[in-house]
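One structure is given below, encoded as structure tokens.
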Amino acid sequence: MTMVPGLLDGLKIDKLIAQDSLPQLCSAADRLRRMAHELPDTLGPAALDLLDDLLASAAEAEQSMALQRARIRYLESLSVTDELTTLLNRRGFEAELSRALARARRLPETGLLLLCDLNHFKAVNDSYGHQAGDAILRAVAQALKNNTRESDYVARVGGDEFAVIMTHTPNQESAFLADKLSTLINALQVPWQQTTLPVSASFGMAEYDRDSRPETLIFLADQNLYRNKRPRLIPAEA
């Protein structure tokens, strides 16, 4: 029995627990069991059973911790995801916009912020019900997601308001890309019961560079949108 402490030499159990190192604990327990079985005269049956219990408990704790981590990741994703459309919500949008502008300052690079506001959306809810409105929101979200790059970020930032952050986009391409999305969204026809619901949306845009700030960029895009308030997009003023 005097060899058991020797088997634990160099194994900082308290440190592993403090660091949430359950995989290392499981490995250590398994190593201890194998070494004990290789030295049958050192430990009796009761001690071997105790080591087996230690290994089983460590494995169970590891599985429990893995499930807890998965749950935490899920809850974290909910905090930045819009439940209806699965796009980023406003919190997620603001976080990605800050990262995009920080990247623009560091590299530097230019990009585009595009805002989309659905026209007459309240009338759709009043005439066809909120489920019809939800169908339109999901269709617009899917169209925006399917027609932007993986490096872009699409968000639902309000009830019927969307935003697209187009990263690493040359200024000379901004108007073309924005107009392309505007044309696409305004051509949508959403099936609903025995009819189809046409989508009408207004767009606003603002280009960003290394000197841009989030509040100013959103303000410029918002001003451009409300100057527009028609299906066709008006280029932002310099």
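The values are calculated or read from the model by the stated rules, or taken from the named source; none is laboratory data. The shown structure was predicted, so the numbers you read here are calculated from the model rather than taken from an experiment. For neighbour counting, all protein chains shown are included, and Cβ atoms are generated from backbone atoms with ideal geometry for every residue, glycine included. To get the accessible areas, we keep the full protein, side chains included, count just its heavy atoms, and leave off ligands, DNA and RNA. Shrake-Rupley method; radii C 1.70, N 1.55, O 1.52, S 1.80 Å.
All Cα-Cα distances of region 90-238, cut into 5 Å bins from zero to the largest, leave 2, 10, 20, 23, 19, 13, 7, 4, 2, 1, 0 percent in each bin in turn. When each of the peptides 197-207, 79-89 is scored by the mean number of other C-beta atoms lying within 10 Å of its residues, the order from highest to lowest reads 197-207, 79-89.
Of the peptides 112-118, 183-189, 96-102, the ranking by mean beta-carbon count within 10 Å, highest at the top, reads 112-118, 96-102, 183-189. Each listed q (0.21, 0.22, 0.26 Å⁻¹) maps to a log10 I(q)/I(0) for region 161-224 from the Debye sum over equal C-alpha point scatterers, namely -0.90, -0.96, -1.20. For region 131-163, trypsin sites (Lys or Arg not before Pro) meeting the loop criterion (DSSP other than H, G, I, E, B) and having at most 12 other Cβ atoms within 10 Å: Arg149. Skip the ligands, DNA and RNA, and give the accessible area per residue of region 124-238 with a 1.4 Å probe, whole Å². On a per-residue basis, region 124-238 sits at 55 Å². Extent of region 125-181 along its three principal axes (Cα atoms, max minus min coordinate, largest first): 42, 19, 18 Å. Legend: calculated FRET efficiency, Ala187 to Asp211, from the Cβ-Cβ distance at R0 = 35 Å, rounded to 0.05, equals 0.50.
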